[in-house]
Amino acid sequence: MDRDLVLLSLMRKFEEEGIECANALPLSSKTSFKIGGPADLAVFPKDEGELEYIMAYLGDREMPYIVIGNGSNILFDDAGYRGCVIFTERMNKVTVDGNRITAGAGASFTALAVTAKNASLTGLEFAYGIPGSVGGAVVMNAGAYGGEVAQALESCTLYDAEKCEVRILTKDEMELSYRHSIFSENKKYICISATFTLKEGKKDEIDAVMRDLMQRRISKQPLEYPSAGSVFKRPAPDLFVGKMIEESGLKGYTIGGAQVSEKHAGFIINVGGATAKDVLDLVGHIQGVIRQNYGVEIECEIRRAGTGE
Ligand SMILES: Cc1cc2nc3c(=O)[nH]c(=O)nc-3n(C[C@H](O)[C@H](O)[C@H](O)COP(=O)(O)OP(=O)(O)OC[C@H]3O[C@@H](n4cnc5c(N)ncnc54)[C@H](O)[C@@H]3O)c2cc1C
């Protein structure tokens, strides 16, 4: 069947089931970089049942798909995405049970830190200010200022799109390391929710730590511009890419609308009208300079997605 007809029939099917959908949704409106062309089909499941329903139909029609949380670590192509983009933002239920918090993949990671604080639970302070979803944070093993998901995670409920089943993995089964999880190699896994085990703490002390971390972010990061955070992974624990980029004189280096931030050289910012190509050309330039100056290969932390990937 013609691809457009397949997409149309999928959209009808999902809408009949009451699932929110959109066609030709500009991905620039859904990413922190403000870059990306249209998604053929965008779907917004609100729970596990709707997600399973969507996955069954996408699998049947062999339709490419990608799952997106808050779009704060992704660079979509200028041509957009040929297939279905599944947004988890409506799967955002959060429950507190004693010292355990379970959150849907689409819940805000920063809001989760606030929930923990309000319940006088310590262990998620580092999450305050990370602009991702819980799912995105688990997938990336997100971290900041000495904290990371691995320190607080108890388990993760995921959908295995190959076996068409829901499974629960314990933290030890999640293969968590620096910006890596079991999701990194298993593109058919979708995080549905995650449970964190925290410790009892004092609300005012937790609040003070969170405020301090936010202040540090505001003073060091170019939050006034669209970006996707730190572009590159640290190549080794003691090697800081931002410092190497700065020492190489690349602060302010600009290609099109993409610029190495003057405030934090590890960030590429969209100073206006940046395309994915501008960002990728700038990434390539930085990698070349760092290779030449330090003999070090730097790898992107930001994920890429585009035509049929
Ligand atoms: C200003 C700024 C500051 C930042 N600071 C930090 C920081 O301090 N520490 C840090 O670690 N990161 C930081 N980031 C990067 C980013 O916020 C994190 O990586 C975050 O965890 C990404 O979550 P997300 O929901 O936005 O993921 P998305 O960008 O939506 O997706 C990222 C990847 O995860 C996959 N994914 C998302 N949700 C799911 C799911 N439910 N199941 C399966 N796969 C999924 C996507 O397909 C994609 O490959 C920053 C970004 C910005 C813009």
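Looking at this structure, is S193 touching a residue at least 40 places away in the same chain (Cβ under 8 Å), out of contact with any Ser or Thr (no Cβ under 9 Å at 6 or more places or on another chain) and not assigned by TED's automatic domain parsing to the domain that holds G69? Taking the combined requirement at face value, the residue does not satisfy it.
Residues in region 62-86 that are among the small types (G, A, S) and within 14 Å of the ligand (Cβ to nearest atom): 4 in all. When P131 is tested against the conditions (1) closer than 24 Å to D204 by Cβ; (2) surrounded by fewer than 24 Cβ atoms within 10 Å (Cβ to Cβ); (3) near the ligand (Cβ under 6 Å from one of its atoms), the lone failure is (1). Hey, any hits in region 159-178 for a residue that's of a type in the set (V, I, T), within 14 Å of the ligand (Cβ to nearest atom) and surrounded by fewer than 18 Cβ atoms within 10 Å (Cβ to Cβ)? Yes, the conditions are met somewhere in region 159-178. The condition of being within 13 Å of the ligand (Cβ to nearest atom) and either of a type in the set (G, A, S) or assigned by TED's automatic domain parsing to the domain that holds G18 (or both) holds for only one of G98, G106, G59, that being G106. Restricted to region 190-309, the set of strands (runs of 3 or more DSSP E) holding at least 1 residues that are closer than 21 Å to A144 by Cβ and among the hydroxyl-bearing types (S, T, Y) comprises 227-230. Per the listing A111, A103, A137, A116, the residue uniquely assigned to a helix (DSSP H, G or I), touching a Leu at 6+ places or on another chain (Cβ under 7 Å) and under 26 Å from S230 (Cα atoms) is A116. Taking each residue of region 24-42 that is under 21 Å from I54 (Cβ atoms) and looking for partners that are of a type in the set (K, R) and away from the ligand (no atom under 13 Å from the Cβ) with beta-carbon atoms closer than 9 Å, six or more apart or interchain, yields A39/R82; D40/R3; D40/R82.
Scanning region 109-121 for residues that are touching a helix residue (DSSP H, G or I) at 6+ places or on another chain (Cβ under 7 Å) and within 15 Å of M91 (Cα to Cα), we see that the one that is farthest from the ligand (Cβ to nearest atom) is L112. Looking across region 32-49, just one residue is aromatic (F, W, Y) and buried (at least 22 other Cβ atoms within 10 Å of the Cβ), and that is F33.
The values are calculated or read from the model by the stated rules, or taken from the named source; none is laboratory data. Just so you know, these numbers come straight off a predicted model, no measurement behind them. Ideal geometry is used to build each Cβ from the backbone, glycine not excepted, and the neighbour counts take in all protein chains shown.
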